[in-house]
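Working notes for the structure below.
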Amino acid sequence: MKGSSLCFPAVIKMRGINPYVHVSALRAGQLRGNWRKPMPVLLRINGHPAAKPWRINMMPAGDGSFYLYLHGSVREASGACVGDRVAVELQFDRAYRNGPLHPMPRWFGAALRTDSRAKLSWSRLSPSRRKEILRYFSGLKSDEARRRNLARAMLVLSGAPGRFMARSWSGGK
């Protein structure tokens, strides 16, 4: 990676169902001091990928440290599993510009138009939460997955308690 980067060894751990590497406040401060929101980084694990690093957002832990969540393709390409000690290479992603916003799927927009409470809850979600949901919906491949996730989304947005996207929801949020 061009520019200054941070390299350190770490063990891949689990947080709930999510594999991650902990990035201490000291290390995060070397990338970008006093950063308190998701931090965009360029990432290599065990030197992979060699050509172009992954673009990932580290998530703040609340104490100045960050969780660097490692999705399956990152672990697979680097040959790493939970419990493995890996070489982490990070660089602050100066080119990050908030990424693309996925369009609202027609099937989701139509469902929101039929349920005023869900539509109101949707409008009250933070922009980052709406973006996360739209990105998730854009990755659904089958009609069955769309139906299943639409039902869950509408249930929790309508105010019923439930789980959707690995979060507990209550009162539409």
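Kindly indicate whether Gly83 is surrounded by 11 or more Cβ atoms within 10 Å (Cβ to Cβ), part of a loop (DSSP other than H, G, I, E, B) and among the small types (Gly, Ala, Ser).
no
Can you name every residue in the stretch 70-117 that is within 17 Å of Leu157 (Cβ to Cβ), aliphatic (A, V, I, L, M) and at pLDDT 95 or above? Selection gives Ala110, Ala111, Leu112. Only one entry in Ile45, Ile56 is touching a helix residue (DSSP H, G or I) at 6+ places or on another chain (Cβ under 9 Å), free of Cβ contacts under 8 Å to residues at least 24 places away in the same chain and buried (at least 19 other Cβ atoms within 10 Å of the Cβ), namely Ile56.
Please determine whether any residue of the stretch 98-116 is among the small types (Gly, Ala, Ser), more than 27 Å from Asn149 (Cα to Cα) and not assigned by TED's automatic domain parsing to the domain that holds Leu134. Scanning the stretch 98-116 turns up no residue that is among the small types (Gly, Ala, Ser), more than 27 Å from Asn149 (Cα to Cα) and not assigned by TED's automatic domain parsing to the domain that holds Leu134. Based on what the data block shows, is Arg85 without any contact (Cβ under 8 Å) to a residue 60 or more places away in the chain and of a type in the set (Lys, Arg)? So Arg85 fails the test. Taking the condition more than 13 Å from the chain's Cα centre (by Cα) and not assigned by TED's automatic domain parsing to the domain that holds Glu132, does Val41 pass? So Val41 fails the test. Restricting attention to the stretch 1-30, the residues that are aliphatic (A, V, I, L, M), surrounded by fewer than 20 Cβ atoms within 10 Å (Cβ to Cβ) and farther than 20 Å from Gly72 by Cβ total 4. Yes or no: the stretch 90-103 includes at least one residue that is out of contact with any His (no Cβ under 7 Å at 6 or more places or on another chain), touching a residue at least 60 places away in the same chain (Cβ under 8 Å) and on the phi > 0 side of the Ramachandran plot. No, the conditions are met nowhere in the stretch 90-103. Of Arg135, Arg146, all but one fail to be in contact with a Pro (Cβ under 8 Å, 6 or more places away or on another chain), of a type in the set (D, E, K, R) and either assigned to a helix (DSSP H, G or I) or touching a residue at least 24 places away in the same chain (Cβ under 8 Å) (or both); the exception is Arg146.
The values are calculated or read from the model by the stated rules, or taken from the named source; none is laboratory data. As the structure is a prediction and not an experimental result, all values here were calculated from the model. All Cβ positions, glycine included, derive from the backbone under ideal geometry; neighbour counts span all protein chains shown.
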